[in-house]
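Here is the structure we will look at, set down as structure tokens.
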Amino acid sequence: MSTYRAAQVAAAGGPFEIVEREERKPGPGHVRIAVEACGICHSDVGFVDAVFPGVRFPLVPGHEIAGRIDELGEGTQSHGWRVGDRVGVGWFGGSCGHCTPCRQGDFIVCVNLKVPGWTYDGGFAETVIAPVDALARIPDGLAATDAGPLGCAGVTTYNGLRRSSARPGDLVAVLGIGGLGHLAVKYAAAMGFETVAIARGAAKADFAKQLGAHHYIDSTADTSVADALQSLGGAKVVLATAANSDAITATVDGLSHRGELVVVGATPEPMEISPLQILLQGRMVRGHPSGTAQDVQDTMAFSALHGIRPMTEIMPLDRADEAYRKMLSGAARFRMVLTAR
């Protein structure tokens with residue numbers, strides 16, 4: 001029996017350890033992927049620390065997977081997949097197909113959504129078995145270490161912008177220029193939006209411009225974020241990538257009439273928004289979840305076309321614990337990525 005290596009956590013909050021596991025064959029409707037790279041997402045903390053319900057240990061996290069199909073399960077060839085195909089699997093790791101959202105074609109909010117590293121072993125390993133509906137094709141010219149983070153951080157921001165009410169030429173603001181936000185600024189500029197980056201400190205202005213932002217707002221300056229946005233004409237859309245409820249709240253009055261606040265930064269703290277702030281100007285506040293496998297594929301295709309890549313720091317699988325701790329510390333270069341091969 002052949003084996004593969006995986007980085008697992010034995011108990012909630014514990015360290016990662018490298019273990020040998022027996023290789024398994026993919027069942028019907030599944031494929032086995034030889035993992036080449038897997039991004040480390042801050043959402044992985046919810047699994048490692050057992051914050052999300054139903055987490056089981058030992059746990060192998062990882063939902064920013066990029067690799068190649070090395071074995072097909074029964075029925076998968078009819079979907080057009082072949083051994084050797086380059087594929088990615090993101091937060092969307094498959095859907096049930098029978099709940100009400102699925103029957104309406106809204107698979108990303110499936111009641112029984114499958115997430116790698118939560119509902120099945122994730123990509124902090126040399127191989128992973130995933131449902132065929134979770135697969136996104138990786139385009140030529142996009143490295144596995146770049147493709148991995150696009151399956152979560154990339155698709156969340158790209159999809160959040162393209163499904164917003166903004167149109168080319170509109171003023172669009174991105175709150176936060178970290179792991180998600182640095183990609184969001186690049187996407188916003190490439191989509192033709194007049195792009196505003198919002199972050200803490202004047203020192204980040206040059207970096208924001210390098211990403212493609214036309215304007216930079218220092219949220220620690222004397223002028224409020226809302227006033228700064230209104231001085232630019234008001235934002236048609238604010239994409240809130242920062243996981244800070246106070247910072248998100250501070251952007252609301254900077255929206256134009258019929259403006260839209262799209263929240264993708266996850267935090268349990270409540271936002272303090274009064275009904276009057278949204279009623280009188282017809283503003284909208286909504287959450288945006290990641291995206292389906294097709295959305296991931298679209299994200300990667302757009303990224304390849306426009307030369308958009310995540311800023312990454314790469315470590316081998318056997319340094320998974322070190323890489324994870326570096327992500328937690330905030331010292332990482334935006335996206336930590338593990339390489340398995």
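For THR76, state whether it is of a type in the set (Ser, Thr, Tyr) and modelled with pLDDT under 95. Spelling it out, THR76 is indeed of a type in the set (Ser, Thr, Tyr) and modelled with pLDDT under 95. The residue list ASP133, ASP140 contains one member that is charged (D, E, K, R), more than 16 Å from PRO310 (Cα to Cα) and not in a helix (DSSP H, G or I), which is ASP140.
The strands (runs of 3 or more DSSP E) found wholly in the range 225-332 and carrying at least 2 residues that are surrounded by fewer than 18 Cβ atoms within 10 Å (Cβ to Cβ) occupy 255-263, 284-287, 312-316. Would you tally the residues in the range 202-227 being over 26 Å from SER303 (Cβ atoms) and touching a residue at least 12 places away in the same chain (Cβ under 8 Å)? Going through the range 202-227 one residue at a time, the tally reaches 9.
Applying a threshold of 7 Å to beta carbon distances and a minimum spacing of six or more residues, or different chains, the list of pairs starting in the range 94-111 at a residue that is not assigned by TED's automatic domain parsing to the domain that holds ALA136 and of a type in the set (Lys, Arg) and ending at one that is at pLDDT 95 or above and part of a loop (DSSP other than H, G, I, E, B) is empty. Taken together, GLY307, GLY330 contain a single residue that is assigned by TED's automatic domain parsing to the domain that holds SER95 and either at pLDDT below 95 or touching a Cys at 6+ places or on another chain (Cβ under 8 Å) (or both), which is GLY330. Counting the residues of the range 60-81 that are among the hydrophobic types (A, V, I, L, M, F, W, C) and either at positive phi or out of contact with any Gly (no Cβ under 8 Å at 6 or more places or on another chain) (or both) gives 2.
Looking only at the range 289-312, residues that are over 13 Å from PRO139 (Cα atoms) and either among the hydroxyl-bearing types (Ser, Thr, Tyr) or touching a strand residue (DSSP E or B) at 6+ places or on another chain (Cβ under 6 Å) (or both) come to 5 in all. Residues that are among the small types (Gly, Ala, Ser) and touching a helix residue (DSSP H, G or I) at 6+ places or on another chain (Cβ under 7 Å) were ranked within the range 88-106; the one that is nearest to ASP70 (Cα to Cα) is GLY88. Contact annotation: no residue pair with Cβ atoms under 6 Å, 6 or more positions apart or on different chains, pairs a residue in the range 5-19 that is assigned by TED's automatic domain parsing to the domain that holds ALA50 and under 17 Å from PHE52 (Cα atoms) with a partner that is modelled with pLDDT of 95 or more and hydroxyl-bearing (Ser, Thr, Tyr).
Here is a yes/no grid of residues against (1) more than 20 Å from the chain's Cα centre (by Cα); (2) assigned by TED's automatic domain parsing to the domain that holds SER303; (3) buried (at least 23 other Cβ atoms within 10 Å of the Cβ):
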position: VAL172; (1), (2), (3): no, no, yes
position: LEU175; (1), (2), (3): no, no, yes
position: ALA189; (1), (2), (3): no, no, no
position: GLU194; (1), (2), (3): yes, no, no
position: ALA202; (1), (2), (3): yes, no, no
position: ASP206; (1), (2), (3): yes, no, no
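Picking from residues in the range 241-282 that are under 24 Å from the mean Cα position of the chain (by Cα) and of a type in the set (D, E, K, R), the one that is farthest from SER43 (Cα to Cα) is GLU260.
Restricting attention to the range 285-300, does a residue exist that is basic (Lys, Arg) and under 14 Å from the mean Cα position of the chain (by Cα)?
no
Condition check for ALA50 on (1) part of a loop (DSSP other than H, G, I, E, B); (2) over 23 Å from GLY151 (Cα atoms): one failure, at (2).
The values are calculated or read from the model by the stated rules, or taken from the named source; none is laboratory data. Remember, predicted model here, so these are calculated numbers, not experimental data. Here the Cβ is made from the backbone with ideal geometry for all residues, glycine too, and neighbour counts use every protein chain on show.
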